[in-house]
Amino acid sequence: MQFQQLQYFVAVAETRHFTRAAEQVHVAQPSLSQQIKALERELGADLFLRARGNITLTDAGEALLPLARRILADADTARHEVQELAQLRSGRVRLGATPSLCTGLLPDVLRAFHDRYPGIRLLIEEGGSHDLVRELARGALDLALVVLPLPTPSPALTTVELLREDLVVVSSPDARAPGGGRRAVRIADLEGERLVMFRHGYDLRELTVAACRAAGFEPDFAVEGGEMDAVLGFVRAGLGVAVVPRMVAARSGPGLRVTPLARPGLERTIALAHRSDVDPPRAARELQRMLLER
């Protein structure tokens, strides 16, 4: 009994027509008929009652049909599972993330993923949440780490909350401590401080500026327009203070004073996003699992 014969048998059983079945499985009708006859010889029983314009299953055909369908389904499952496993030995994952997450959250997770799946290339794209959402929508990314709420909510994306992270104030140890040296400072204490500010489109910029305005003042920028590494470097040089994620501050090394924000403080919500209409590749789903379980 050959796998192909079972495919042909199921096609005829479902269409009740040899010619239509042959078209369905993309084979010439005489070849399909020969294979069905060969299957019947091997089984020692007719599978179809053949009358002009009327093809019906015999008792033997009725008994074989659910078994054949199960065999074909199991074969399809096996093929899918093997292909999925193969994807974990080679291939790529295209992950988008904000620069602060590339600095704070991703290094440990990506190292663990690479250790487990060394054959998979990791392609990382840094950008603000707005840019990453656009790249996801056009299929240029498999997954993206974004800050909620999204600048433009999209029903075409599925988001899963990953973590909530406090923001802190960083300053140079050689400069005057923000807030008069208190152990925790309020957003209002940043009035009169010179801020090192991220470029436009940066989630942290929008969050910090909105918090200052809610406290009743316009922030004063000493320098603006940088990415995360540049902002931290300017703060170390004593140009001003900056509001950054706690994970980034913890990984920033020496040369920075870290001051918490007093309650209620500021926090941001990080989510993992992917397109709703397309399942991410197996390798991307595995990275997603590791991020959610980190």
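The values are calculated or read from the model by the stated rules, or taken from the named source; none is laboratory data. Nothing here was measured: the structure is a model prediction, and the numbers come from that model. With ideal geometry, Cβ positions are generated from the backbone for all residues, glycine too; neighbour counts draw on all protein chains shown. Surface areas here come from the heavy atoms of the whole protein model, side chains and all, with no ligands, DNA or RNA. Shrake-Rupley method; radii C 1.70, N 1.55, O 1.52, S 1.80 Å.
What to note about this one:
- Arg52 open to solvent by 80 Å² or more (accessible area, probe 1.4 Å), of a type outside the set (Phe, Trp, Tyr) and more than 45 Å from the chain's Cα centre (by Cα): yes
- Per-region count, region 25-49, residues in a helix (DSSP H, G or I) and open to solvent by less than 20 Å² (accessible area, probe 1.4 Å): 4
- Selection count where residues are at pLDDT below 90 and under 13 Å from the mean Cα position of the chain (by Cα), scope region 137-156: 3
- Options Glu165, Glu224: the member that is in a strand (DSSP E or B), open to solvent by 40 Å² or more (accessible area, probe 1.4 Å), in contact (Cβ under 8 Å) with a residue 12 or more places away in the chain and closer than 21 Å to Asp131 by Cβ: Glu224
- Test: residue in region 3-24 that is in a loop (DSSP other than H, G, I, E, B) and at pLDDT below 95: yes
- Matching entry among Arg41, Arg70, Arg16, Arg79 (being over 42 Å from the mean Cα position of the chain (by Cα), farther than 14 Å from Met1 by Cα and of a type in the set (D, E, K, R)): Arg16
- Check on Leu65, in contact with a strand residue (DSSP E or B) (Cβ under 7 Å, 6 or more places away or on another chain), in a helix (DSSP H, G or I) and surrounded by 15 or more Cβ atoms within 10 Å (Cβ to Cβ): yes
- Residue match in region 40-57 (condition: at pLDDT 90 or above and on the phi > 0 side of the Ramachandran plot): yes
- Selection from region 231-259 of residues that are open to solvent by 40 Å² or more (accessible area, probe 1.4 Å) and either charged (D, E, K, R) or closer than 17 Å to Arg199 by Cα (or both): Phe234, Arg236, Leu239, Arg246, Arg251, Arg257
- Subset tally (residues that are over 27 Å from the mean Cα position of the chain (by Cα), without any contact (Cβ under 8 Å) to a residue 40 or more places away in the chain and assigned to a loop (DSSP other than H, G, I, E, B)) for region 191-210: 2
- Any hit, region 130-138, residues being under 30 Å from Glu218 (Cα atoms), touching a strand residue (DSSP E or B) at 6+ places or on another chain (Cβ under 7 Å) and touching a residue at least 12 places away in the same chain (Cβ under 8 Å): yes
- For region 214-228, the condition of being in contact with a Pro (Cβ under 8 Å, 6 or more places away or on another chain) and of a type in the set (D, E, K, R) holds for at least one residue.
- Note on region 282-294: among residues that are under 9 Å from the mean Cα position of the chain (by Cα) and touching a residue at least 24 places away in the same chain (Cβ under 8 Å), the one that is nearest to Arg138 (Cα to Cα) is Ala284.
- Matching residues in region 104-139 - criterion: being open to solvent by 40 Å² or more (accessible area, probe 1.4 Å) and either among the polar types (S, T, N, Q) or in a helix (DSSP H, G or I) (or both): Pro107, Asp108, Arg111, Ala112, His114, Asp115, Arg116, His130, Asp131, Arg134, Ala137
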